[in-house]
Every structure is written in C-alpha cells, then in structure tokens.
Amino acid sequence: MKRSKSFLIIGGGLVGLATAYRILERQPTVKVTLLEKESATGMHQSTHNSGVLHAGLYYAPGSAKAKLAVAGIKQMTQFCRSENIPHEICGKLVVAVTSDELPRLDELLRRGAANGLQGLRKIGKDDIRKIEPHVNAIAAAHVPEEGIVDYRQVCDRLETIIQERGGRVETGAELINLRGTNGQWLARTATAEFTADYLINCAGLQCDRVAELAGEKRDVKIVPFRGEYYQLTPAAQHLVKNLIYPVPNPQFPFLGVHFTRMIQGGVEAGPNAVLAFAREGYRLTDIDIKDLADVFSFPGFWRFLGKFPGMALSEFVQSLSKDRFCKALQRLVPDIRAQDLVPGHSGVRAQAMKNSGELVNDFHLLHRDNAIHVLNAPSPAATASLAIGEFITNQILF
Ligand SMILES: Cc1cc2nc3c(=O)[nH]c(=O)nc-3n(C[C@H](O)[C@H](O)[C@H](O)COP(=O)(O)OP(=O)(O)OC[C@H]3O[C@@H](n4cnc5c(N)ncnc54)[C@H](O)[C@@H]3O)c2cc1C
C-alpha cells in the first residue's frame with residue numbers, strides 16, 4: 001500500500017496552525033505534525049497584535065498581501081462565524097488630517113478599489129463626525145468591511161480541530177536540528193525526533209534561523225520591531241467608536257499609531273514601531289545578545305538606519321515619552337490627554353529585511369522541492385492566515 005505523505009510544520013502561530021488545518025481539511029489521510037517551542041500555541045505575534053481584520057486596503061494590487069488579505073478576511077470571518085468565535089465587522093476610518101495627506105489617501109482608495117473592496121468611499125468632515133464624532137480630519141476613507149476579532153480563540157480552535165482531524169500538535173518542542181537525507185527530513189528537539197517528507201517553516205520571529213537549519217542561505221534577515229500600546233481609561237473610551245487609523249507613510253511598512261476597539265472590550269492606542277533588542281523582547285529592557293549581534297552585524301540594518309534615521313529616532317523617543325505618543329494620537333483625536341492613557345501590552349513584528357536595507361513589503365515564501373519557508377508574514381498575516389494556509393496547501397498537495 002502506498003504510504004501517505006507526512007508534513008512537519010515548525011511554528012504554532014496562526015500561519016502554522018492554519019496551514020495544518022488546511023492540509024488536513026484537503027487530505028485527511030496525510031500525517032501532519034506541528035512543533036511549537038512554547039508551552040502553548042499562539043504565544044507570539046498571533047496573540048500580541050491589534051486584533052484587527054484587515055480587508056486589503058493598503059496593499060499593492062496583485063501583491064500576495066492584497067490577494068491573501070482579500071481572500072483571508074472572508075475565510076477568517078466565515079471560520080469565526082461557524083466556530084462561534086467573537087468577531088465584529090465594525091468598519092474603519094483612515095483619516096487625513098492635513099491637505100498634504102490627501103494624495104496618499106486617494107492612492108489608498110485607488111488601491112482598495114483595485115483590490116475589490118466593497119463599500120469603500122471617501123468621506124468629508126460631516127460624514128466623519130457621524131461615524132467618529134471626536135475625530136479631527138479633513139477627509140477619510142471609510143472601510144466598512146474591516147473588523148475586530150479574538151485571535152487567541154482562533155488559535156485555540158484551530159489547534160483543537162487539527163487534533164480532531166488526527167494531526168499532532170507538540171508544544172514545548174523547539175526544533176534545534178534538521179537534516180535532510182534520502183528525501184526525508186529528520187528533525188530534532190531536545191527530547192524527541194520526528195521524520196517527515198515535507199517541511200513547512202512558519203516560525204515567525206525565528207523563521208530565518210529555521211531556514212538556515214534546513215540548509216538555506218539567509219537571503220533576508222528578520223529584524224524585530226516592537227509595537228507598544230496604551231489602553232484608554234474607561235472614562236476616555238467614548239472618544240473612539242471603532243477603528244481610527246492615520247494615512248500611513250508609504251516608505252514605512254507599519255501603519256502608524258491608531259485606535260482600536262478590542263473585541264474583548266476596551267480601546268487600545270498604538271502600536272509604534274521600535275527596534276527590539278530581542279526577537280521575543282516585549283519590554284524595552286529585554287535584551288538578547290545573540291539577537292542584538294544578529295541585527296548589528298547585518299549590513300542591511302545599517303543601510304536601513306542610514307535611510308530612515310529620523311523615523312527610527314522619533315519612534316524610539318515616542319517609546320520613551322508618553323507625551324510624544326499622546327501627541328501622535330491627538331492628531332487623530334484632539335480630546336485625548338496623556339492621563340487618558342495607561343500602558344498596555346506590546347508585540348514584536350517579524351519583519352524581513354534585505355541586504356540592501358530595504359524592508360520586504362510583501363509576504364515572502366521560499367519554495368523548495370520538499371520544503372516551504374515562510375520568510376515574511378507580517379500584518380495582515382493574522383487576517384490572511386487561513387488564505388496563506390490554503391495557498392501553501394495548493395502548492396504542496398496539487
Ligand atoms: C504589534 C503587532 C500588531 C499586529 N496587528 C495585526 C492585526 O491587527 N491584524 C493582522 O492581520 N495582523 C496583525 N499583525 C501581524 C500578525 O500578528 C502576524 O503577521 C501573524 O500573527 C504571523 O503569524 P505567524 O504564525 O507567522 O507567527 P507567530 O505567531 O509569531 O508564530 C510563530 C511560532 O513559531 C514558533 N517557533 C519559532 N521558532 C521555533 C522553533 N525553532 N521550533 C518550534 N517552534 C518555533 C514560535 O514560538 C511561534 O509560536 C500584527 C503584528 C504585531 C507584532
């Protein structure tokens with residue numbers, strides 16, 4: 001009898017979980033093992049984020065981000081509906097405060113329309129006030145398809161379904177060694193060995209290192225950017241109804257500090273984007289010498305810094321100064337005061353950077369005969385995770 005194929009997935013964030021889920025949905029007889037180094041799945045980016053469902057407004061038409069966000073938000077909302085996971089399509093405003101932002105707002109509207117977003121429209125002051133009465137803006141893009149979700153529950157539910165379908169999810173299982181021989185992968189953790197025909201690297205903040213274990217030369221390096229949040233005090237929460245975003249700087253892949261109503265209740269403000277001194281460093285004081293040496297010995301990082309010294313410094317100062325953070329928020333909602341903000345959580349983005357210092361903008365997957373390495377899956381990869389899992393499944397099963 002022909003032996004069915006076996007797949008080894010490294011990383012139990014949303015991308016790894018969604019990939020395991022999609023493979024088993026397509027071919028229930030294959031063997032799927034997922035290794036997660038933490039004691040539970042979804043302990044890094046997948047649950048340290050804004051909890052937003054992105055509809056595909058920002059991304060260049062035709063890019064993987066555009067295609068997979070547009071497909072992904074539909075798949076994610078469908079999944080949440082069928083699994084009773086809290087989510088809400090509440091809509092979002094991207095607001096232009098000054099006239100020099102209008103051409104960029106128009107470009108976003110053009111991109112959104114080209115990506116097929118429904119109900120997207122440009123609105124003026126009066127309509128803005130009807131949707132978000134405390135916003136100060138001269139124009140805005142209203143994106144009615146966007147929403148909020150509980151990604152923790154998405155991770156938990158995906159993990160349960162994978163196991164119900166016969167997949168194995170091994171937690172506390174950090175991949176430390178990989179060998180490819182005779183068309184098979186041999187993977188080692190501190191306590192066990194696993195073999196598989198096919199390797200799928202979804203290791204997020206560690207994906208370049210896992211690729212290296214598989215024998216790949218690093219063509220991009222992960223540079224960790226921490227995003228810090230404040231929470232609005234209950235007394236100030238009425239100032240934000242749903243999601244309020246600035247017009248982003250097109251040279252930078254991050255969206256700028258914004259307001260997000262959370263599905264669990266409350267409102268968050270942030271995240272900024274500060275170089276993290278540890279890949280999994282959630283506080284300013286978290287330092288990992290190996291991670292730091294990795295960044296500082298990377299010529300791409302210095303080229304990046306040379307291109308954006310002002311931006312890097314300003315994000316760092318904003319991280320240290322609540323008043324600076326508050327000023328950025330007051331551009332959007334002038335009534336916010338520093339005393340309305342209390343420190344919240346943070347997350348670290350796994351952002352791939354090229355040797356040239358350019359940040360990799362699009363999702364980046366490296367295909368090999370018996371492996372796929374997901375080497376750049378920043379925002380909106382939580383929204384798009386089920387579509388990314390479907391895309392990978394299409395590549396490896398058909
Ligand atoms: C601050 C912030 C805000 C964001 N906001 C949003 C948003 O609102 N909406 C959105 O769609 N996206 C958002 N994102 C992006 C989104 O969270 C990520 O793109 C997505 O979660 C990536 O999932 P992942 O599975 O690739 O990575 P992760 O969730 O980081 O998972 C990778 C997993 O691999 C494991 N791992 C690593 N190395 C090994 C190893 N050697 N062996 C075993 N396991 C290993 C890790 O422990 C981890 O669990 C945000 C991200 C951040 C940081």
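The values are calculated or read from the model by the stated rules, or taken from the named source; none is laboratory data. Just so it is clear, the model here is predicted, and its values are computed rather than measured. In this analysis, Cβ positions are derived from the backbone assuming ideal geometry, glycine residues included, and neighbour counts consider all displayed protein chains.
Looking only at region 23-51, filter to residues that are hydroxyl-bearing (Ser, Thr, Tyr), part of a loop (DSSP other than H, G, I, E, B) and within 9 Å of the ligand (Cβ to nearest atom); which one of those is farthest from Gln163 (Cα to Cα)? If we take residues in region 23-51 being hydroxyl-bearing (Ser, Thr, Tyr), part of a loop (DSSP other than H, G, I, E, B) and within 9 Å of the ligand (Cβ to nearest atom), then Ser50 is farthest from Gln163 (Cα to Cα).
Considered as a group, the residues in region 306-319 that are assigned to a helix (DSSP H, G or I) and in contact (Cβ under 8 Å) with a residue 12 or more places away in the chain include one that is farthest from Val257 (Cα to Cα), and that residue is Gly306.
Note on region 183-256: enclosed strands (runs of 3 or more DSSP E) holding 3 or more residues that are among the aliphatic types (A, V, I, L, M) are 220-232. Quick check on region 15-22. Is at least one of its residues within 14 Å of the chain's Cα centre (by Cα), basic (Lys, Arg) and within 14 Å of the ligand (Cβ to nearest atom)? The answer is no; no qualifying residue exists.
The sole residue among Ala196, Ala173, Ala190 that is farther than 21 Å from Gln395 by Cβ, buried (at least 18 other Cβ atoms within 10 Å of the Cβ), of a type in the set (Gly, Ala, Ser) and over 22 Å from the mean Cα position of the chain (by Cα) is Ala173.
What about Ala114, is it surrounded by fewer than 20 Cβ atoms within 10 Å (Cβ to Cβ), within 30 Å of Gly13 (Cβ to Cβ), in contact (Cβ under 8 Å) with a residue 60 or more places away in the chain and of a type outside the set (Val, Ile, Thr)? When the stated conditions are applied, Ala114 does not pass them.
Selection of first residues in region 150-178 that are in the same structural domain as Thr29 (by TED's automatic domain parsing) and in contact (Cβ under 8 Å) with a residue 60 or more places away in the chain and of second residues that are in a helix (DSSP H, G or I) and among the acidic types (Asp, Glu), restricted to Cβ pairs under 6 Å at least 6 apart or on distinct chains, gives the following pairs, ordered by first then second residue: Arg157/Glu83; Val169/Glu159.
Only one of the numbered conditions (1) within 13 Å of the ligand (Cβ to nearest atom); (2) in contact with a Ser or Thr (Cβ under 7 Å, 6 or more places away or on another chain); (3) hydrophobic (A, V, I, L, M, F, W, C) is not met by Val342, and that is (1). Determine, yes or no, whether Gln206 is of a type outside the set (Ser, Thr, Tyr), closer than 30 Å to Leu341 by Cα and in contact (Cβ under 8 Å) with a residue 60 or more places away in the chain. Answer is no for this residue.
With respect to (1) modelled with pLDDT under 95; (2) part of a strand (DSSP E or B), the lone exception for Leu178 is condition (1). For region 57-93, the set of residues classified as of a type in the set (Lys, Arg) and more than 15 Å from the ligand (Cβ to nearest atom) consists of Arg81 only.
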